[in-house]
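Scroll down for the structure; my scribbles are underneath it.
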Amino acid sequence: MDYWRFSEYYDWAMWAHDRMHMSAAGHANMAKRVLEVLKYEHSIEVPPMAPVPELGGAEALRANAQWFREYAAPWVVRRVTGKSSGDNLRPKYPQLTRL
């Protein structure tokens, strides 16, 4: 699904704080859209979205700089170096486990 064709994804409330992953509302909306395209009956309701505060010029600049330091720069470094955020993590279930 090309979610950029859906105008609701231009609302920052559809995105998580990291601006890279969808929020709960974004995921629910996407699931609903996919099921509708597939003509599959569903009862998915998109949860209410938390309002995203409008920031003034200096505040927006600070917020964007902080976002870049916390999320964008580390993501770029991982892509350039070929590392994953999951590297060196131990498996939750190291042995095949029936759940």
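Miscellaneous remarks
- Cα-centred dipole magnitude for the chain, charges only on beta-carbon of K, R (+1) and D, E (-1), debye, nearest 20: 620 debye
- The stretch 55-82 and the stretch 19-48 have Cα centres lying 27 Å from one another.
- The listed peptides 60-71, 37-48, ordered by packing as a protection proxy, come out as 60-71, 37-48 (highest mean of other Cβ atoms within 10 Å first).
- According to the Kirkwood relation over distinct C-alpha pairs, the hydrodynamic radius of the stretch 1-52 is 11.4 Å.
- Going by neighbour counts of Cβ atoms within 10 Å, the residues Met22, Met1 line up, fewest first, as Met1, Met22.
- Under a 5 Å amide H cut-off, with hydrogens placed 1.01 Å from N, Met22 pairs with Ala16 among residues at least 5 apart or on other chains.
- Each distinct pair of alpha carbons in the chain adds a 1/r term; the inverse of their mean, the Kirkwood radius, is 16.8 Å.
- Among Lys92, Lys83, sorting on how many other beta-carbon atoms sit within 10 Å of each Cβ, with the fewest leading, yields Lys92, Lys83.
Only the coordinates and a few stated rules stand behind these numbers; no lab work does. Everything numeric in this text was worked out from a predicted model, so none of it was measured. Cβ: placed from backbone, ideal geometry, glycine included. Neighbour counts: every protein chain shown.
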